[in-house]
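Since the structure comes first, as structure tokens, the remarks are kept for the end.
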Amino acid sequence: MEHISFKRPDMIIALSALLVSLVTAAASIHSAMTNRQYARASLWPNLIVGMSYNDTGFSYLAMNRGTGPAKLEYMQVKFAGKPIKTWQELSQHLPGTVKNIEQSQLVGNTITANQILAGFVLKSPDNARAMYELADKVEINTCYCSVYDECWMYSEKANHAEPIEACPVNAPDAFIN
């Protein structure tokens with residue numbers, strides 16, 4: 001058996017080429033991982049659900065303050081700790097006759113970056129004031145996903161979103177309107 005010498009010029013060239021190839025492969029893998037992270041960051045949704053109130057009206061709004069679209073897949077609304085299914089059911093807690101109400105379906109919508117959707121709007125100043133006074137009894141939780149199917153559960157009370165593996169599907173407490 002012949003002894004292999006690493007001091008031979010052809011072996012030094014071969015080992016140098018192998019080392020350069022390995023470094024290039026590692027740099028390419030690192031670059032691809034960094035590019036993927038940048039792509040995810042450039043399409044990161046940040047969905048916030050909250051209320052807006054002034055002397056002309058009251059609204060519950062969904063706002064995407066992220067850099068990418070948010071697919072709103074689940075919503076839960078509670079009044080005084082009990083789940084409700086529709087905006088109409090929420091408006092039944094207002095005193096007197098409810099006038100000038102607008103309702104929209106939020107679940108199932110894709111909300112683009114910097115887009116605001118109104119789900120529930122009261123244009124009557126009296127109803128708006130009454131709803132504002134009841135707002136501390138309303139709790140809204142939403143689940144939304146990015147285009148990469150990364151999902152978050154947002155709590156309006158905590159004003160915070162937590163990563164979640166997937167949004168609830170067919171949950172019995174889901175808000176349907």
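None of the figures in this text is laboratory data; all of them are computed from the coordinates on show. What you are looking at is a predicted structure, and each value in this text was computed from that prediction instead of being measured. FYI the Cβ positions are ideal-geometry reconstructions off the backbone, even for glycines, and counts take in every protein chain you see.
Out of region 57-86, which residues are surrounded by fewer than 16 Cβ atoms within 10 Å (Cβ to Cβ) and not in a strand (DSSP E or B)?
If the condition is that a residue be surrounded by fewer than 16 Cβ atoms within 10 Å (Cβ to Cβ) and not in a strand (DSSP E or B), then R65, T67, A80, G81, K85, T86 are the ones that fit.
I need the full set of residues from region 107-126 which are assigned to a loop (DSSP other than H, G, I, E, B) and under 17 Å from L94 (Cα atoms), in order please. Break it down stepwise before answering.
From region 107-126, those assigned to a loop (DSSP other than H, G, I, E, B) are 107-109, 112-115, 123-124; that's our starting set.
Passing the criteria: K123, S124.
Since F120 meets every condition but one in (1) over 19 Å from L47 (Cα atoms); (2) aromatic (F, W, Y); (3) surrounded by 17 or more Cβ atoms within 10 Å (Cβ to Cβ), which condition does it not meet?
(1) is the only condition that F120 fails.
Just the residues that are within 18 Å of M51 (Cβ to Cβ), in contact (Cβ under 8 Å) with a residue 24 or more places away in the chain and either in contact with an Asp or Glu (Cβ under 7 Å, 6 or more places away or on another chain) or not in a loop (DSSP other than H, G, I, E, B) (or both), please, taken from region 145-177. Let's see the steps before the verdict.
The initial filter retains those residues of region 145-177 that are within 18 Å of M51 (Cβ to Cβ), namely 154-161, 175, 177.
From the residues that got through so far, the ones that are in contact (Cβ under 8 Å) with a residue 24 or more places away in the chain too are 154, 156, 159, 161, 175, 177.
Matches in region 145-177: Y154, E156, A161.
Filter region 127-143 down to residues that are within 27 Å of A171 (Cα to Cα) and assigned to a helix (DSSP H, G or I), then give me how many there are.
If we filter region 127-143 for residues that are within 27 Å of A171 (Cα to Cα), which is where we start, we get 131, 134-143.
Add one more test, that the residue is assigned to a helix (DSSP H, G or I), and what stays is 131, 134-137.
Total meeting the criteria: 5.
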